[in-house]
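Student: Got a structure here, written out as structure tokens. Questions coming.
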């Protein structure tokens, strides 16, 4: 299969992380303001003589509960990412999620702040994506739509189930640091996915 170049990988990885919903767009100004407040603490944990540039991204959606129930919403996280501009590498620093955004049917988005400072976790490597993997990441809107309408476990033999599993297993394989942080809150869903490590 054909690979894309490493220089384009970040575009697709960032696209795969983007929430891409009108509801998220509504709370983005609030998140931006909170991020600016958190960013003021960045210098307090940076090692001496290191130059790092941090920003945040919104994750893919996760089901509020698993198995899903009628009226459930989707959960997103705001996650810090940092680059060391003096030591460029095919990796970026990942921080602990600092906000949890709940998008529920018929209700305004709810934000829960998880920390009062940016907490650096580890570096996440990146790699070129195969063309098939790009197709899987491009299915994110269909996956989100599927999760939004589920009121029970999907048919294990359906195309919808395969699409969900393919998407999240690929996401977990390329976002291992963050996936490890979210396992506790979404263990039932991750177990159901059955992704190979």
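The values are calculated or read from the model by the stated rules, or taken from the named source; none is laboratory data. Not measured: the values here are computed from a predicted model. Cβ: placed from backbone, ideal geometry, glycine included. Neighbour counts: every protein chain shown.
Student: Find all pairs meeting these conditions: Cβ atoms under 7 angstrom apart; at least six residues apart or on different chains; first residue within segment 146-163 and free of Cβ contacts under 8 Å to residues at least 24 places away in the same chain; second residue part of a loop (DSSP other than H, G, I, E, B).
Tutor: Hits for this filter: 160/154; 161/154; 161/155.
Student: Still on this structure, I have one more. Inside segment 125-138, can you point out the residues that are in a loop (DSSP other than H, G, I, E, B) and surrounded by 18 or more Cβ atoms within 10 Å (Cβ to Cβ)?
Tutor: Step one: filter segment 125-138 for residues in a loop (DSSP other than H, G, I, E, B), giving 126-129.
Residue satisfying the conditions is 129 alone.
Student: How about segment 61-79: which of its residues are crowded, with 16+ Cβ neighbours inside 10 Å and either out of contact with any strand residue (DSSP E or B) (no Cβ under 8 Å at 6 or more places or on another chain) or at pLDDT below 95 (or both)?
Tutor: First, the residues of segment 61-79 that are crowded, with 16+ Cβ neighbours inside 10 Å: 61-64, 66, 68, 72-79.
Result: 66, 68.
Student: Run residue 193 past the list (1) touching a residue at least 40 places away in the same chain (Cβ under 8 Å); (2) crowded, with 16+ Cβ neighbours inside 10 Å; (3) over 30 Å from residue 87 (Cα atoms) and report the number of the one that doesn't hold.
Tutor: Every listed condition holds for residue 193 apart from (1).
Student: Starting from residues that are over 14 Å from the mean Cα position of the chain (by Cα) and without any contact (Cβ under 8 Å) to a residue 60 or more places away in the chain, keep the ones in segment 177-189 and report whichever is farthest from residue 151 (Cα to Cα).
Tutor: The first filter runs over segment 177-189 and keeps only residues over 14 Å from the mean Cα position of the chain (by Cα), leaving 184, 187-189.
Adding the requirement that they be without any contact (Cβ under 8 Å) to a residue 60 or more places away in the chain leaves 184, 187.
Working: 184: 22, 187: 18 Å.
Selected residue: 184.
Student: Which of the residues spanning segment 81-109 are closer than 22 Å to residue 190 by Cα and assigned to a strand (DSSP E or B)? Give the derivation first.
Tutor: We begin by selecting, within segment 81-109, every residue closer than 22 Å to residue 190 by Cα; these are 94-104.
The answer is 94, 95, 99, 100, 101, 102, 103.
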